[in-house]
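Have a look at the structure below before the remarks.
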Amino acid sequence: MNDAAHDLHAPHFIGIGGAGMSGLAKILAVRGASVSGSDSKESETVLALRALGASVHIGHAAEHVPDGVSSVVVSSAIRADNPELAAARERGIPVVHRSDALAALMGGRRALAVAGTHGKTTTTSMLAVALGELGLDPSYAIGGDLDAPGSNAHHGTGEIFVAEADESDRSFHKYAPEVAIVLNVELDHHANYASIDDIYESFETFVGRITPGGTLVVSADHDGARELTSRVAGREGLNVVTVGAAEDADVRVLSVTARGMTSEVAVLLDGEELTFTVSVPGRHYAHNAVAALAAGAALGVPAADLAKALGSYTGVRRRLQLKGEAGGVQVIDSYAHHPTEMTADLEAIREGLEGSGRVLVVFQPHLFSRTQQLAEEMGRALALADASVVLDIYPAREDPIPGVTSELIIDAARRAGADVTAEHAFDAAPALLAGLARPGDLLLTMGAGDVTNLGPAVLEELGRGLRHLNSVATNV
């Protein structure tokens, strides 16, 4: 496998276990490339890559970059002083950004790129699953693992390539899709964007990359998306299709009806009313499905067939994923880390809650910069829960910012009337949460960091308590 601009026949991925990087590595391995890489720790993803023939080292060291590599692939999270990156530069090995590698993989395919400040992973995966259900076997690269078929990437035999387009570092400017979705436009990624106008300009550049005669599918309900639509309206060679509940939407959502942990959606498209089921709860996810429907239709896929196929989507790992139940308490994992996402997931869970149970949350803030800018909004979102526990900030790629701690969110949550508890010891959280929960409750582990690991631990604590009660009852 070879690309004229970026030689990917023998790539080395720094941070190969990451959600975005691992997907590209998987596709390249299936296409016959000699893939190597490194990551900070062992994981299921690393094991899957090795099963595909990739050579993966744990830890970062200059000697991990093998002889004969054609390029070294990096993401924006890789620091300039990474020893493997330094070795590549010293040896004159081309360094390729992840977005350039993805753009190369999409070459020659009918590309469909999904953008927006949030909702990208869900919408991309809905399209990938539905198109696959219709036998179109698309290639895809997604920022999360699907429940089925259980991967974040696939090299398909069909002509369509569905990709999640990341705006966080402006890397989505590299793509040239036939169809693009913009779900929403909000200020986020504060380390890379100075203002909302900066964000708008970035999305305008992305829209400008749509191929002549291509289509922009954009929300008619979201204020930021509507502003973007007004900015790009009238561009020559661009078809714009608006979607949402707004009366002026081209593809209009007529209703979203909660059915427990699923939703029934009625939509009007080209004068035809279609009704279909989305197997995840909440209006937010239903609207993502409608955007996917409109985008698939723009590619020429029959809308009625696609609507039915969307019902086969069962979710993405970490997007309201049920981790299990113990002691009458359901534990659900949520990747939400921006206030809008947090609000949407809490409202969705509330809609699907049956009986008198409560919604409990353990929230781990993600990034110091995001907390600094959005602590007040995060606190207000947590007030939608009946009770919440807030952990320390997960730093990811960032260094601490003086004065920025999770206490900013806790104070904001209390001002909003929330019942919130601080827990600074990560390992103590499972016992605390199991003690708070009672039968009928739903507990969300929420955030983009390692808070996801608390779900199984909480279930174990709940199960231990249940076993203890059963033992006491037996001995009485």
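The values are calculated or read from the model by the stated rules, or taken from the named source; none is laboratory data. Worth saying up front: this structure is predicted, and the values here are computed from it rather than measured. Neighbour counts are summed over all protein chains in view; Cβ atoms, including those assigned to glycine, are modelled from backbone coordinates with ideal geometry. Keep in mind that these areas ignore ligands, DNA and RNA; they rest on the heavy atoms of the full protein, side chains included. Shrake-Rupley method; radii C 1.70, N 1.55, O 1.52, S 1.80 Å.
About the Cα centre, and with charges only on the beta carbon of Lys, Arg (+1) and Asp, Glu (-1), how big is the dipole of the chain? Nearest 20 debye, please.
In debye, rounded to 20, the chain gives about 700.
Of the cross-linked pairs LYS41/LYS174; LYS41/LYS323; LYS120/LYS323, which ones have a Cα-Cα span greater than 28 Å in the structure shown?
Violating the 28 Å Cα-Cα cut-off are LYS41/LYS174.
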Computed over the chain, the relative contact order (Cα-Cα under 8 Å, seq sep at least six) in percent reads 11 percent
For 209-217, 164-172, 332-340, 121-129, ranked highest to lowest by mean beta-carbon neighbours within 10 Å, the order is 121-129, 332-340, 164-172, 209-217
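Dividing the convex hull volume of the alpha carbon atoms of region 1-54 by its residue count, what do you get in Å³ per residue?
Hull volume normalised by residue count: 62 Å³.
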The answer for region 156-247, accessible area per residue at 1.4 Å probe in Å², is 39 Å²
For region 326-443, whose charge dipole is built from +1 on Lys and Arg Cβ atoms and -1 on Asp and Glu Cβ atoms, the candidate among ALA383, GLY403, ALA431 with its Cα farthest towards the positive end is ALA383
Rounded to the nearest Å, the spacing of the alpha-carbon centers of region 244-284 and region 158-231 is 23 Å
Once the mean of 1/r over all distinct C-alpha pairs in region 121-210 is inverted, the Kirkwood radius in Å reads 14.1 Å
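For the ranges 443-456, 42-55, what's the packing order if you count other beta-carbon atoms within 10 Å of each residue, average per peptide, and put the highest first?
Going by the mean number of other Cβ atoms within 10 Å, highest first, we get 443-456, 42-55.
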With the 8 Å Cα cutoff and a minimum separation of six or more residues, region 310-455 has a relative contact order in percent of 34 percent
With N residues in region 77-174, Rg(alpha-carbon) / (2.2 N^0.38 Å) equals 1.22
Measuring from its Cα centre, region 10-159 shows a charge dipole (+1 at each Lys and Arg Cβ, -1 at each Asp and Glu Cβ) which, in debye to the nearest 20, is 280 debye
The chain, Kirkwood Rh and Cα Rg, ratio Rg/Rh at 0.97
Length gained if ASP81 through ARG259 is fully extended, taking 0.36 nm per residue and subtracting the Cα-Cα distance, is 59.0 nm
Cα-based Debye curve of region 1-148 sampled at q = 0.08 Å⁻¹ gives log₁₀ I(q)/I(0) of -0.22
